[in-house]
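Notes follow the structure.
The values are calculated or read from the model by the stated rules, or taken from the named source; none is laboratory data. Nothing here was measured: the structure is a model prediction, and the numbers come from that model. Note that each Cβ is placed from the backbone with ideal geometry, even for glycine, and that neighbours are counted across all protein chains shown. The area values use the complete protein model at the heavy-atom level, side chains included, leaving out ligands, DNA and RNA. Shrake-Rupley method; radii C 1.70, N 1.55, O 1.52, S 1.80 Å.
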Amino acid sequence: NQFSLDTSLNRIVAANRYPKLRLKARSFDDLERTPPQLKRWEVSHQTPPDVAVNPNLFFSLSKDTIQEGEPLEYEVAISNVSSTEMDSFQVQIQLLNQQNQVSIVAEETIAPLSGDSTFIYNGELSTQNLSGIYNLIINVNPQRNPFESEYFNNTGQFSFVVRNDFLNPLLDVTFDGKRILNREIVSAKPEIRISLDDENSFLALDDTSSIAIYLRKPSGQEELLNYNSTTELEFTPASLPENKAKVLYQPSFTEDGIYSLRVNAKDASGNESGAQDYQIEFEVVTKSSVTHLMNYPNPFSTSTRFVFTLTGSRIPDQIQIQIMTITGKVVREIDQFEIGPIRIGNNISEFAWDGKDEFGDQLANGVYLYRVKMRIDGANVEHRKTEVDQFFKEEFGKMYLLR
């Protein structure tokens with residue numbers, strides 16, 4: 001038999017207070033086959049918990065407009081607005097873009113939350129590869145497990161803007177500390193330094209893929225240099241906030257001729273350093289040699305410097321420039337310590353001769369002769385023939401002092 005107790009319950013329970021309460025009973029008497037007499041039917045229950053995103057109590061975004069790559073920090077209050085403890089539940093963070101596409105960026109299980117209590121949920125969102133207007137969506141208990149009395153208050157949505165990283169990084173390439181011209185002579189064992197500097201202080205240049213280096217030898221095809229298969233390449237990642245990555249390339253070239261170096265560089269956002277790759281051709285002469293030193297300017301009135309080209313891979317350990325009168329009297333000697341630093345390739349001396357003798361006395365106007373001696377391990381550096389040889393006679397050059 002099936003019967004309803006609605007009439008008797010109405011005298012005890014107000015229907016408008018529990019509109020969804022429905023009680024049904026079915027009983028059987030297989031022996032006497034008489035209807036049972038129900039004397040008492042007691043219903044007990046516990047109010048379900050109810051957790052809610054509560055931004056009115058507390059909410060914070062680190063910034064509402066943020067640069068690409070800069071972490072977005074957020075905090076929001078989550079409250080149990082019931083008196084019943086909420087068992088452990090999930091918090092899900094979603095990202096909604098301008099095309100109404102939703103992606104889940106974080107999920108976390110929260111420990112049980114006692115009744116009438118609040119905690120501050122916080123997180124950090126990576127903005128790499130983001131650009132434009134976004135909505136951060138915080139979902140509490142999205143799977144509806146455990147059961148709650150209400151779900152309309154389980155979601156919070158907050159907007160922010162990400163500024164696109166569109167600026168190009170700055171690429172710099174030097175050979176032995178100098179930016180060379182195309183087809184300039186360099187050392188057979190150069191120290192090539194490549195640096196990539198990006199203004200974005202959040203997206204670090206920490207991957208070798210940001211700087212790709214290609215080399216073409218005089219007799220070969222262009223090849224991509226592999227960081228993992230050679231000890232000649234050393235990559236130093238950027239250390240934020242200074243976002244500059246560096247590569248030290250120290251090859252040993254054994255073949256004379258024209259080489260080509262090409263560098264493709266880009267930042268973490270994919271912005272390339274330029275519309276075209278950096279490319280430079282350079283010449284290697286493996287044998288140590290030196291051209292005649294030319295003084296410049298010539299004639300001169302106040303001072304003159306020395307210009308020359310050095311090849312090979314070693315700097316001479318002995319350099320001597322002798323300046324003498326046309327009768328052969330030495331009036332000034334300049335050694336390697338005075339002439340200043342020199343390098344393989346084209347040089348113009350830091351030292352400038354001011355037309356004074358060994359004692360600092362001003363020399364008279366006129367023609368002066370000079371000759372140069374360079375040695376490596378005691379042996380003279382071989383002369384490299386050039387078109388300027390016509391201005392020298394038996395290794396002597398002429399300079400003109402006119403005041």
* Under the definition of Cα pairs under 8 Å and six or more residues apart, what whole-number percent is the relative contact order of the range 233-281? -> 27
* To do: Give the shape of the range 297-390 as rounded, prolate or oblate, defined through the alpha-carbon gyration tensor: a ≥ b ≥ c are the square roots of its eigenvalues, a/c under 1.5 means rounded, and otherwise the shape is prolate if a/b is larger than b/c and oblate if not.
  => prolate
* Residues of the range 327-343 with amide nitrogen under 14 Å from the 7 Å Cα-to-Cβ point of Glu394? -> 327-329
* Per residue, what volume in Å³ does the Cα convex hull of the range 266-334 take up? -> 216
* Local net charge near Val91, Cβ-Cβ under 9 Å (Lys/Arg +1, Asp/Glu -1) -> -2
* Net charge over other residues, Cβ less than 15 angstrom from the Cβ of Asp354 (K, R count +1; D, E count -1) -> -2
* Nearest-5 percent of antiparallel DSSP beta bridges in the range 149-283? -> 95
* Mean shadow area of the range 232-313, taken as a quarter of the surface of its Cα convex hull (nm²) -> 9.8
* **All Cα pairs of the range 194-275, percent lying beyond 22 Å** => 30
* To do: Over all directions, average the projected area of the Cα convex hull of the range 36-171 and note it in nm².
  => 11.9
* Size of the range 172-226 as Cα extents on the principal axes (Å, biggest first) -> 42, 25, 18
* Whole-number accessible area per residue in Å² for the range 120-255, which is evaluated in the context of all protein chains at 1.4 Å -> 55
* **Positive-end residue of Ile321, Val186, Ala379, charge dipole of the chain with Cβ unit charges** => Val186
* Asked: From the phi of every residue in the range 59-74, what ³J(HN,Hα) in whole Hz does the Karplus formula 6.51 cos²θ - 1.76 cosθ + 1.60 yield, where θ is phi - 60° and glycine or proline is x?
  -> 7, 8, 10, 4, 7, 8, 10, 9, 7, 4, x, 6, x, 9, 9, 9
* Asked: What is the sum of charges around Thr302, taking Lys and Arg as +1, Asp and Glu as -1, for the other residues whose C-beta is under 13 Å from the C-beta of Thr302?
  -> +2
* To do: Considering Cα pairs under 8 angstrom that are at least six residues apart, work out the relative contact order of the chain and quote it in whole percent.
  => 11
* Asked: To two decimal places, what compactness ratio does the range 81-131 give when its Cα radius of gyration is scaled by 2.2 N^0.38 Å?
  -> 1.51
* Sorting Trp41, Trp353 by accessible area (1.4 Å probe), largest first, what list results? -> Trp41, Trp353
* Asked: What order do Asp50, Asp176 take when sorted by accessible area (1.4 Å probe), most exposed first?
  -> Asp176, Asp50
* **Check: the range 108-204 dipole with +1 on Lys, Arg Cβ and -1 on Asp, Glu Cβ, in debye** => 460
* Cα shape, the range 293-333, gyration tensor, a/c 1.5 rule -> oblate
* Accessible area of the chain belonging to carbon and sulfur atoms, whole % at 1.4 Å probe -> 46
* Asked: Among Ile326, Ile344, what's the order by accessible area (1.4 angstrom probe), most exposed first?
  -> Ile326, Ile344
* Structure fact -> Quarter of the surface of the C-alpha convex hull for the range 136-293, i.e. direction-averaged projected area in nm², equals 15.0
* To do: Calculate the length of the line joining the C-alpha centroid of the range 192-264 to that of the range 114-169, in whole Å.
  => 40
* To do: Give the cross-link partners of Lys356 among the lysines, using a straight C-alpha distance below 27 Å as the criterion and excluding same-chain residues fewer than 8 apart.
  => Lys329, Lys373, Lys393, Lys398
